[in-house]
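S.K.: Take this structure first; my questions come after.
Please treat every number below as a calculation from the coordinates, not as lab data. All figures in this text were calculated on a predicted structure; none of them were measured in a lab. Reconstructed Cβ throughout: ideal geometry from the backbone, glycine too, with neighbour counts over all protein chains shown.
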Amino acid sequence: MKFDKFFALCKEKGIEEAEISVYNSYSLSFSLFHGEVDSYSSSESATYLARGIYKGKLGAIVSDVYNNNLAETFVDKIIENASVIENDDPVFIFKGSEKYRKISTFNKELGKISADTKLNLLYDLEKKIKEADPRVIEVESVGYEEGSTSSLILNSHGLKLSQKNNNFIYYGGAVAKEGEQVKTGFDIFFGNDFSKFNVDELAKSIVKKATSKLGGYQCESSTYKAVLSQDVVKSLLSAYVASAIAEDVQKNSSLFVGKLNQKVASRKVTIEDKPLAKTVFARSFDDEGVATSNMPVIKNGVLMNYFYNLTTAAKDDVQSNGHGSVGGGSKVYTSTWYLEMKPGKKSLDELFQEIGNGVYITEVQGLHAGLNPRSGNFSLQSTGFMVENGKVTHGLDIITVSGNLVDLFHNITSVGSDSKEFMSGIKCPSVIVKKIKVSGK
């Protein structure tokens, strides 16, 4: 086999356990501006990550090339890197899980569709955005991106695992103007089933996101009942659930320290991590070779699990639940795979009717700068609409929403039925929060 020499040299030079992971990727992308192709690229690449335990430490090397002539270099680098590690964290080359559930959502038909077909739809998208509304003064950009990845894990215990995924996206942005007010709107479609893409629907959504902001003005600064859109819930949920990463809990830098099996949100909130769901994010094993499984994170407001890799699981004397994510070296991080918040039964219009008077927050910006992950406090520039007598009225311009993540998730009183899937690997609906601070005029 291609890596026999690598494993033989590891054994010969005293590396106790060894592993090599191979990641192959393909990408295609192009974009238009004013009817002309302004970028076009296609590429294939491979990454080899070799890891080994030497004298109780884990060394690693990353390269975009591997052959038998480089096997000794790989082994020597593992030894060299392991020799300078000073921490005493437990390290592992995983022997394998008892059972792996095979799940494949790779769509081989996507690669059979010609680049010209994909490009022609992009011309259509640009044209439809421009012609959809006289207030659209510019099509900022339209583009297409496609990618596929495959991964292979082999180790000295005889473990051999492989999986692959693919997906594509169409995206576009529009600029709309009314009077002196100028607003932008952006949207994407993503998936891996090309037959589900509808160019008219995407163009309509992009234009609506721009034009619906026109005519907006600042509301009075106050505390409001609010409907948060799926986009807003996605951003806040991602930050909140990250508090369940075991490494942060162990470092006492998480909102969920000591909160396992305790109430951390409203009973309306149920969130699962679902790597075995049939989505473009599906995976049978994590980057350490541990089998994945669908796992409750928060159930009816109660924190059910932390996210573990092998090292953090060993520190808590539990089993890894398959969330190891290997970076560009020996460091193993922790990732969520596909977070899904359980939807409710009420439509978006019914949520508006329920709050009566309040605000509908549709976008938040500046999450990295405006959110303190340790305290949960946030202050974010936002976009949205007033809700009056159960109906959306005018847009809101230049507002800021602020609060605390813990309080916000405890204050969710209703969950909508309008679940939306995002490229970040999150699926969630709109929700009602009983109060949120809005700074306007």
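S.K.: Compute the FRET efficiency between residue 67 and residue 278 as 1/(1 + (r/R0)^6), taking r as their Cβ-Cβ distance and R0 = 30 Å, and round to the nearest 0.05. Before the final figure, lay out the partial values.
M.R.: On the way: r = 37 Å, r/R0 = 1.24.
Once rounded, the FRET efficiency stands at 0.20.
S.K.: Between residue 260 and residue 374, what is the label-point separation in nm under the 7 Å Cα-to-beta-carbon projection?
M.R.: Taking the two extended label points, one gets 2.4 nm.
S.K.: Ordered by residue, what ³J(HN,Hα) values in Hz, to whole numbers, does the stretch 10-23 give under the Karplus form 6.51 cos²θ - 1.76 cosθ + 1.60, where θ = phi - 60° and Gly and Pro are x?
M.R.: The phi angles translate into 4, 5, 5, 9, x, 7, 5, 9, 9, 8, 9, 10, 10, 10 Hz.
S.K.: Sticking with this structure for a sec: Amide H neighbours of residue 377 under 5 Å, counting only residues 5+ apart in sequence or on other chains, H built in-plane at 1.01 Å?
M.R.: 372, 405
S.K.: With only Lys, Arg, Asp and Glu charged, each at its Cβ (+1 for the first two, -1 for the last two), find how big the charge dipole of the stretch 233-338 is about the Cα centre; round to the nearest 20 debye. Write out the running numbers ahead of the final one.
M.R.: Numbers: 12 positive and 9 negative charges, 105 e Å.
Here the stretch 233-338 has a charge dipole of around 500 debye.
S.K.: For residue 441 and residue 113, what does the FRET efficiency come to when R0 = 60 Å and r is the distance between their Cβ atoms, rounded to the nearest 0.05? Write down the numbers at each step before the final one.
M.R.: On the way: r = 51 Å, r/R0 = 0.85.
Efficiency, rounded to the nearest 0.05: 0.75.
S.K.: Using only the C-alpha atoms of the stretch 115-184, find the volume of their convex hull and express it per residue in Å³. Present the calculation step by step, with values, prior to reporting the outcome.
M.R.: On the way: hull volume 7.3 nm³, N = 70.
Cα-based convex hull of the stretch 115-184, divided per residue, equals 104 Å³.
S.K.: Gain in length, residue 38 to residue 350, computed as 0.36 nm per residue apart minus the alpha-carbon separation, to one decimal in nm? Don't jump to the answer; show the numbers that get you there.
M.R.: Numbers: separation 312, 0.36 × 312 = 112.32 nm, distance 4.40 nm.
This chain segment gains 107.9 nm when fully extended.
S.K.: Springs between alpha-carbon atoms under 10 Å, Gaussian network over the chain: tell me which of 88, 200, 407 tops the mean-square fluctuations.
M.R.: Looking only at 88, 200, 407, the largest GNM fluctuation is found for 88.
S.K.: Moving on to the next point. Which peptide among 324-330, 380-386, 103-109 comes first, and what is the full order, when sorted by highest mean count of other Cβ atoms within 10 Å?
M.R.: On the way: 324-330: 17.4, 380-386: 21.6, 103-109: 14.6.
In descending order of packing, they fall as 380-386, 324-330, 103-109.
S.K.: I would also like to ask the following. Could you tell me, in Å, what Rg and Dmax come out for the Cα atoms of the stretch 13-62?
M.R.: 19.7, 61
S.K.: Measure nothing fancy, just the Cα-based angle from helix 199-211's long axis to the longest principal axis of the chain, in degrees from 0 to 90, nearest 10.
M.R.: Helix 199-211 and the main axis of the chain meet at about 60 degrees.
S.K.: Report P(r) for the chain: all Cα-Cα distances, bin width 20 Å, range 0 to the bin holding the largest distance, values in whole percent.
M.R.: Result returned by the calculation: 22, 49, 26, 2.
S.K.: Contour minus end-to-end for residue 99 and residue 402, with contour as 0.36 nm per residue of separation and end-to-end as the Cα-Cα distance?
M.R.: On the way: separation 303, 0.36 × 303 = 109.08 nm, distance 4.56 nm.
Here the segment from residue 99 to residue 402 would lengthen by 104.5 nm.
S.K.: Using the per-residue mean of other Cβ atoms lying within 10 Å as a proxy for protection, in what order, highest first, do the peptides 287-294, 7-14 fall? Write out the running numbers ahead of the final one.
M.R.: Values: 287-294: 20.9, 7-14: 15.6.
Listed from highest to lowest mean packing, they are 287-294, 7-14.
S.K.: Still on this structure, please answer the following. Okay, helix-only estimate at 222 nm for the chain: each DSSP H run of n ≥ 4 adds -39500 (n - 2.57), divide by all residues, round to 500 deg cm²/dmol; what do you get? Walk me through the numbers on the way to the answer.
M.R.: Working: 10 runs with 93 residues, N = 441.
Helices in the chain give a 222 nm mean residue ellipticity of -6000 deg cm²/dmol.
S.K.: Moving on to the next point. For the pairs 299/435; 183/208; 234/420, flag any whose C-alpha to C-alpha distance is greater than 19 Å.
M.R.: Numbers: 299/435 22 Å; 183/208 11 Å; 234/420 9 Å.
Checking Cα-Cα distances, 299/435 exceed 19 Å.
S.K.: In whole Hz, with x marking every Gly and Pro, tabulate ³J(HN,Hα) for the stretch 143-160 from phi via Karplus 6.51 cos²θ - 1.76 cosθ + 1.60, θ = phi - 60°.
M.R.: x, 10, 9, 9, x, 9, 9, 9, 9, 9, 10, 10, 9, 6, 8, x, 6, 9
S.K.: Compute the whole-percent fraction of alpha carbon pairs in the stretch 265-336 spaced more than 14 Å apart. Kindly include the intermediate steps, with their values, before the conclusion.
M.R.: Values: 1570 of 2556 pairs.
In whole percent, the share of Cα-Cα pairs in the stretch 265-336 beyond 14 Å is 61.
S.K.: Here is a further query. Order the peptides 413-423, 250-260 from the highest to the lowest mean number of other Cβ atoms within 10 Å of their residues. Walk me through the numbers on the way to the answer.
M.R.: Numbers: 413-423: 18.0, 250-260: 14.8.
Put in order of decreasing packing, that is 413-423, 250-260.
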